[in-house]
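S.K.: Below is a structure I'd like to ask you about.
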Amino acid sequence: MNLPTFNYNKVTKRFIKEKKFTYSMEKNKTQPYEGRVDAIERIIITPDISTIIYFASIGGRSPREQYEWAKSQLTMQETKEAIAKKFKRSLSLPHTAGYFVSFPHITKRLSWHIGSESNLYNPKTYNTKYLSNMTTPELGCLVELLIFTQEAKLWAKASTPKEYLEMPRSKEGLEITLEHPNKLLDSTSNP
């Protein structure tokens, strides 16, 4: 039986040309960047309930105040206080434990959940300035994936949610440089 071959580049080019699919954001060329964690903070709700916030920046992108905490009009302290206030009730629920990754332009909430304790549950995305809900199809940028790896290792080691949230975190190793962006975009225009 001969199966037809599938030429991904040809089909992708056709879909791009015919605009048969859409993105939630217009795709522009990605700029090279340096992702890093600037600070890691703990929010204590009660003696038994807390959460972690990773304040991350993406260096090398314009406008810098949108991507880097050191240049942002927002401060990490104001953002920490706003997150504590907005999420105090939901962080007090006994069946979740998790953390936040906050950039000046976007904040993500990731939680471990009682329904499937080895999987992150329903990541939520917010506009950092207003903490209003956003919809994005992405899991995360490269620095977020490094944070995820650290958190997954801590979650796997901990015997209780409280122990997990009290474990020390380190910024060491939580930086990455995207040297060659647009590999996928360039491959569709230059097969």
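The values are calculated or read from the model by the stated rules, or taken from the named source; none is laboratory data. As the structure is a prediction and not an experimental result, all values here were calculated from the model. All Cβ positions, glycine included, derive from the backbone under ideal geometry; neighbour counts span all protein chains shown.
S.K.: Of the residues that make up segment 69-86, is at least one in contact (Cβ under 8 Å) with a residue 40 or more places away in the chain, closer than 22 Å to Tyr164 by Cβ, touching a Lys or Arg at 6+ places or on another chain (Cβ under 9 Å) and in a helix (DSSP H, G or I)?
M.R.: yes
S.K.: While we're here: Looking only at segment 114-146, how many residues end up being of a type in the set (D, E, K, R) and assigned to a strand (DSSP E or B)?
M.R.: Matching residues across segment 114-146 total 2.
S.K.: Could I ask something else about it? Any residue at all in segment 105-112 that is charged (D, E, K, R) and in contact with a helix residue (DSSP H, G or I) (Cβ under 9 Å, 6 or more places away or on another chain)? So that I can check it myself, show each step before the final result.
M.R.: At the first step, the residues of segment 105-112 found to be charged (D, E, K, R) are 108-109.
Applying the additional criterion that residues be in contact with a helix residue (DSSP H, G or I) (Cβ under 9 Å, 6 or more places away or on another chain) yields 108-109.
The answer is yes; a qualifying residue exists.
S.K.: In addition: Kindly check whether there is at least one residue in segment 74-82 that is at pLDDT below 95 and out of contact with any Cys (no Cβ under 6 Å at 6 or more places or on another chain). Reasoning before the result, please.
M.R.: Filtering segment 74-82 for residues at pLDDT below 95 gives none.
Looking through segment 74-82, none of the residues is at pLDDT below 95 and out of contact with any Cys (no Cβ under 6 Å at 6 or more places or on another chain).
S.K.: Moving to a separate point now. Evaluate the following for Thr149: is it assigned to a helix (DSSP H, G or I) and β-branched (Val, Ile, Thr)? Outline the logic, then answer.
M.R.: Numbers: assigned to a helix (DSSP H, G or I): yes; β-branched (Val, Ile, Thr): yes.
So Thr149 passes the test.
S.K.: Right, next: Taking the condition of being part of a loop (DSSP other than H, G, I, E, B) and surrounded by 14 or more Cβ atoms within 10 Å (Cβ to Cβ), how many residues in segment 156-165 meet it? It would help to see each step written out before you state the result.
M.R.: So in segment 156-165, the residues part of a loop (DSSP other than H, G, I, E, B) come out as 158-160.
Still in the running and surrounded by 14 or more Cβ atoms within 10 Å (Cβ to Cβ): 158.
Number satisfying all stated conditions: 1.
S.K.: Filter segment 132-153 for residues that are of a type in the set (A, V, I, L, M, F, W, C) and either in contact with a strand residue (DSSP E or B) (Cβ under 6 Å, 6 or more places away or on another chain) or surrounded by 17 or more Cβ atoms within 10 Å (Cβ to Cβ) (or both) and give the result.
M.R.: Here is the first cut: in segment 132-153, the residues of a type in the set (A, V, I, L, M, F, W, C) are 134, 139, 141-143, 145-148, 152.
Within segment 132-153, Met134, Cys141, Leu142, Val143, Leu146, Ile147, Phe148 qualify.
S.K.: Of all the residues that make up segment 95-124, how many are surrounded by 19 or more Cβ atoms within 10 Å (Cβ to Cβ) and among the β-branched types (Val, Ile, Thr)?
M.R.: Just the residues of segment 95-124 that are surrounded by 19 or more Cβ atoms within 10 Å (Cβ to Cβ), to begin with: 97-104, 106-112.
Keeping just the survivors that are among the β-branched types (Val, Ile, Thr) gives 101, 106-107.
Number of matching residues: 3.
S.K.: Please state which of the following conditions Thr128 fails to meet, knowing it meets all the rest: (1) surrounded by 16 or more Cβ atoms within 10 Å (Cβ to Cβ); (2) in contact (Cβ under 8 Å) with a residue 60 or more places away in the chain.
M.R.: Of everything listed in (1) surrounded by 16 or more Cβ atoms within 10 Å (Cβ to Cβ); (2) in contact (Cβ under 8 Å) with a residue 60 or more places away in the chain, Thr128 misses just condition (2).
S.K.: Scanning for something part of a strand (DSSP E or B), at pLDDT 85 or above and within 17 Å of Cys141 (Cα to Cα), does segment 25-34 turn up at least one residue? Show your work before the answer.
M.R.: In the first step, residues of segment 25-34 are kept if they are part of a strand (DSSP E or B); the result is 33-34.
Add one more test, that the residue is at pLDDT 85 or above, and what stays is 33-34.
Remaining after also requiring within 17 Å of Cys141 (Cα to Cα): 33-34.
Checking segment 25-34: at least one residue is part of a strand (DSSP E or B), at pLDDT 85 or above and within 17 Å of Cys141 (Cα to Cα).
S.K.: Condition first: in a loop (DSSP other than H, G, I, E, B), under 17 Å from Gly60 (Cβ atoms) and either hydrophobic (A, V, I, L, M, F, W, C) or at pLDDT below 85 (or both). Now tell me which residues in segment 166-187 satisfy that. Spell out the reasoning first.
M.R.: As a first pass, look at segment 166-187 and keep what is in a loop (DSSP other than H, G, I, E, B): 167-174, 179-182.
The next check asks that each one be under 17 Å from Gly60 (Cβ atoms); those that pass are 174, 179-182.
Of everything in segment 166-187, just one residue is in a loop (DSSP other than H, G, I, E, B), under 17 Å from Gly60 (Cβ atoms) and either hydrophobic (A, V, I, L, M, F, W, C) or at pLDDT below 85 (or both), namely Leu174.
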